[in-house]
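The values are calculated or read from the model by the stated rules, or taken from the named source; none is laboratory data. As the structure is a prediction and not an experimental result, all values here were calculated from the model. Here the Cβ positions follow ideal geometry from the backbone for every residue, glycine too, while neighbour counts run over all protein chains shown. Accessible surface is based on the protein model in full, side chains and every heavy atom, while ligands, DNA and RNA are left aside. Shrake-Rupley method; radii C 1.70, N 1.55, O 1.52, S 1.80 Å.
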Amino acid sequence: MGRTLAEKVWDDHVVRRAEGEPDLLFIDLHLLHEVTSPQAFDGLRKAGRGVRRTDLTIATEDHNTPTLDIDKPIADPVSRTQLETLRKNCAEFGVRLHPLGDVEQGVVHVVGPQLGLTQPGTTVVCGDSHTSTHGAFGALAFGIGTSQVEHVLATQTLPMAPFKTMAITVEGELPQGVTAKDLILAIIAKIGTGGGQGYVIEYRGSAIEKLSMEARMTICNMSIEAGARAGMIAPDQTTFDYLQGRDHAPEDEDWDAAVAYWKTLRTDDDAVFDAEVVIDAATLSPFVTWGTNPGQGAPLSANVPDPASYEDPSERFAAEKALEYMGLTAGQPLREISVDTVFVGSCTNGRIEDLRSAAAVLEGRSVAEGVRMLIVPGSVRVSLEAVAEGLDKVFTAAGAEWRHAGCSMCLGMNPDQLAPGERSASTSNRNFEGRQGKGGRTHLVSPQVAAATAVLGHLASPADLSDADVATPAGV
Amino acid sequence: MEAFTTHTGRAVPLRRSNVDTDQIIPAHWLKKVTRDGFEDGLFEAWRKDPEFVLNQEAYKGATVLVAGPDFGTGSSREHAVWALQNYGFKAVISSRFADIFRGNSLKNGLLTVVLPQETVDRLQKLVESDPTAEVTVDLVDREVRAEGITAGFELDENARWRLLEGLDDISLTLREESAIAAYEANRPSFKPRTIEV
Ligand code: SF4
């Protein structure tokens, strides 16, 4: 019987297999950041161990970093200590680090791919659940806990229990103005936040094949919001073109050998998935969340749902609680929800194409009175690219704030937070209670919807802007 | 990980059920950068009460926690285990543990012992009436012993073996050194490396 993409990558990394024991898998790339690594390094120190493969390990600072005044000392002493600890650990153990202020610094899941380190057929881990992002390259990439971080540092392997496979096939053409973010939000609303539990999801079908690498990363990034272990997309010419010439991409004969291998990384025709979901791309439209988990979403054209319409009592209860927290009433049109803050950034939508598509909507327009709009590039490289294209000027001319790279308001571990009761349209990935600040209310949206929302002051898509037609940039 | 064979020490009775990991170590402690120093966060909210059992002079220095049922429910934070260990606990006895907490504790060498509720009650009564009473947790014989009490307990053979040998997952994996080295030797040269270019 044939094998799926995920099974092929898994099989290629088995160091040891024994009856009744988990497989021991080799890890090709280990990404570190300041929040989940300190205790792991501490463990190494106590046991007198080193980092086995510093040449497969790389660290960046992202969660705690400020997005303003980055040349000044960090005000929060706890955040400062976490960053200083990472610097000390990386120096002591010989791990490459891109600290705040470095040209390669940024959100860990933006940095790996842009350096060309994330490659098809590799295993990628990080003490961070959104490691699933890297699956866009046909890598098997998953988030791990602190003990496992230490395990990988010491051994470059992980004992792993097997997973199940799920295919999500998206056929057809995404309508004008519908992006990867809308698609993944619609998928999560369909299968639920636990729908992917125990599975590695492979996204496939003609609509997925047409997506750019950055759009594919947006999809795989949010696999975890559906409860999945990982998300993957088979590598193809789009993947190879993205990688060729990047700092860590293979060169010359190595490139040819790599591409030859990468081309084998496709699910065999006779392979069987444990579960299958099929989605017709043509039925999709801009999608936003109204609740407090990423599965509580609906088309922008819909109304806030009535909790009474849910048959499942626990879903009904969850919807009631969500409406209460979000300060919404059943039946209210989603388009009439006003926001105070718009956030464009994160490992979901903080890459250059995302900034381009937000800028295309904002060009020649202004952010509505009383709305604060933050643009936070996913990495310094993204930031420099945006400046070179003049996007920063478009944002500031419209009245948005152009910030330094980092996780920022995605989780508000730095000073970028919502005040209690404040409402945001955010291109990030989690709308949990208090995620962007205590008492803050989050609506997850695409970069285009974020920009149109900033202009009108209420949830909106570019099509709602009457003053000009806005084209969808290619790729997204 | 330190090997666990047998441990004898005084015990603290914690007469509460459903002690979740938020009670064991509150969330604001998770910004810390070490596995050490969580002892002051252990049961932080309860310790503000001078009557709380851990604040009583008689139980200072105890190393065995005799807890109510469903100990360690809630979030998966490994910090809960670290906090108990940092405080000085070597073993926790309860009639039921939350799965993830139990997994984390065995990974870190904190022995979690499951005994019938009725035996847990007897142990709690014993150490309440005599705080100097010693409790022995014997992993070799899979037995808990205290004055007038001898009770066997179950633990899966693999976990027991790892605790007795003091083997954490890392030391176990390191036994596969030659398999790892062999795998490394065969990795294709096109695989990415993080060495600065
Ligand atoms: S941007 Fe948000 S989701 Fe991504 S790594 Fe940072 S905090 Fe996590």
Failed condition for A:Ala226, given (1) at pLDDT below 95; (2) aliphatic (A, V, I, L, M); (3) open to solvent by 40 Å² or more (accessible area, probe 1.4 Å)
(3)
From the list A:Leu334, A:Leu300, pick out the single residue that is buried (at least 21 other Cβ atoms within 10 Å of the Cβ), out of contact with any Gly (no Cβ under 8 Å at 6 or more places or on another chain), of a type in the set (A, V, I, L, M) and closer than 16 Å to A:Ile188 by Cα.
A:Leu300
Determine, yes or no, whether A:Gln448 is away from the ligand (no atom under 16 Å from the Cβ) and either within 14 Å of the chain's Cα centre (by Cα) or away from chain B (no Cβ under 14 Å) (or both).
yes
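Picking from A:Ser428, A:Ser424, A:Ser408, which residue would you name as being buried (at least 24 other Cβ atoms within 10 Å of the Cβ), within 16 Å of the ligand (Cβ to nearest atom) and on the phi > 0 side of the Ramachandran plot?
A:Ser408
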For the structure I just gave you, tell me whether B:Asp22 is away from chain A (no Cβ under 14 Å), farther than 27 Å from B:Leu139 by Cα and free of Cβ contacts under 8 Å to residues at least 40 places away in the same chain.
no
Quickly run through region A:72-91 and pick out the residues that are in contact (Cβ under 8 Å) with a residue 40 or more places away in the chain, open to solvent by 10 Å² or more (accessible area, probe 1.4 Å) and within 11 Å of chain B (Cβ to nearest Cβ).
A:Asp76, A:Thr85
Can you go through A:Ile201, A:Ile187 and tell me which one is outside any helix (DSSP H, G or I), open to solvent by less than 10 Å² (accessible area, probe 1.4 Å) and not small (Gly, Ala, Ser)?
A:Ile201
Please list, ordered by first then second residue, the pairs with beta carbon atoms under 8 Å, 6 or more apart or interchain, first in region A:228-240 and within 15 Å of A:Thr264 (Cα to Cα), second open to solvent by 10 Å² or more (accessible area, probe 1.4 Å) and at pLDDT below 95.
none
What are the residues in region A:21-61 that are among the polar types (S, T, N, Q), more than 16 Å from the ligand (Cβ to nearest atom) and modelled with pLDDT of 95 or more, if any?
A:Thr54, A:Thr57
Looking at A:Gly121, A:Gly116, can you tell me which residue is under 18 Å from the mean Cα position of the chain (by Cα) and surrounded by fewer than 24 Cβ atoms within 10 Å (Cβ to Cβ)?
A:Gly116
Would it be correct to say that A:Gly127 is out of contact with any strand residue (DSSP E or B) (no Cβ under 9 Å at 6 or more places or on another chain) and open to solvent by less than 10 Å² (accessible area, probe 1.4 Å)?
no
For B:Glu157, indicate whether it is in contact with a strand residue (DSSP E or B) (Cβ under 9 Å, 6 or more places away or on another chain) and among the acidic types (Asp, Glu).
no
Quick check on A:Gly177: is it at pLDDT below 95, open to solvent by 10 Å² or more (accessible area, probe 1.4 Å) and not aromatic (Phe, Trp, Tyr)?
yes
Looking at region A:256-274, is at least one residue surrounded by 17 or more Cβ atoms within 10 Å (Cβ to Cβ), within 14 Å of chain B (Cβ to nearest Cβ) and outside any helix (DSSP H, G or I)?
yes
Determine if region B:173-189 includes at least one residue that is surrounded by fewer than 17 Cβ atoms within 10 Å (Cβ to Cβ) and within 17 Å of B:Ala91 (Cβ to Cβ).
no
Residue selected from region A:411-421 under the condition open to solvent by 20 Å² or more (accessible area, probe 1.4 Å) and over 20 Å from the mean Cα position of the chain (by Cα), by the criterion nearest to the ligand (Cβ to nearest atom):
A:Pro415
Which residue pairs have Cβ atoms closer than 9 Å, lie 6 or more positions apart in sequence or on different chains, and pair a first residue in region A:339-363 that is part of a strand (DSSP E or B) and open to solvent by less than 10 Å² (accessible area, probe 1.4 Å) with a second residue that is small (Gly, Ala, Ser) and within 12 Å of the ligand (Cβ to nearest atom)?
A:Thr341/A:Ser426; A:Val342/A:Ser426; A:Phe343/A:Ser408; A:Phe343/A:Ser426; A:Phe343/A:Ser428; A:Val344/A:Gly350; A:Val344/A:Ser426
Of the residues that make up region A:338-357, is at least one in contact with a Cys (Cβ under 6 Å, 6 or more places away or on another chain) and either modelled with pLDDT of 95 or more or away from the ligand (no atom under 16 Å from the Cβ) (or both)?
yes
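Can you go through A:Gly106, A:Gly145, A:Gly94, A:Gly135 and tell me which one is within 16 Å of the ligand (Cβ to nearest atom) and open to solvent by 10 Å² or more (accessible area, probe 1.4 Å)?
Being within 16 Å of the ligand (Cβ to nearest atom) and open to solvent by 10 Å² or more (accessible area, probe 1.4 Å) holds for just one of A:Gly106, A:Gly145, A:Gly94, A:Gly135, which is A:Gly145.
Inside region A:72-96, can you point out the residues that are closer than 29 Å to A:Ala230 by Cβ and either aromatic (Phe, Trp, Tyr) or outside any loop (DSSP other than H, G, I, E, B) (or both)? First the steps, then the outcome.
Quick first cut of region A:72-96, residues closer than 29 Å to A:Ala230 by Cβ only: A:82-83, A:85-86, A:89-90, A:93-96.
Once the filter is applied, which keeps residues that are closer than 29 Å to A:Ala230 by Cβ and either aromatic (Phe, Trp, Tyr) or outside any loop (DSSP other than H, G, I, E, B) (or both), region A:72-96 yields A:Gln82, A:Leu83, A:Thr85, A:Leu86, A:Asn89, A:Cys90, A:Phe93, A:Arg96.
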Criterion: more than 14 Å from every other protein chain (Cβ to nearest Cβ), touching a residue at least 12 places away in the same chain (Cβ under 8 Å) and out of contact with any Ser or Thr (no Cβ under 7 Å at 6 or more places or on another chain) - qualifying residue of B:Glu118, B:Glu165
B:Glu165
Could you say whether any residue in region A:366-383 is open to solvent by less than 20 Å² (accessible area, probe 1.4 Å), more than 15 Å from the ligand (Cβ to nearest atom), in a helix (DSSP H, G or I) and at pLDDT 95 or above?
no
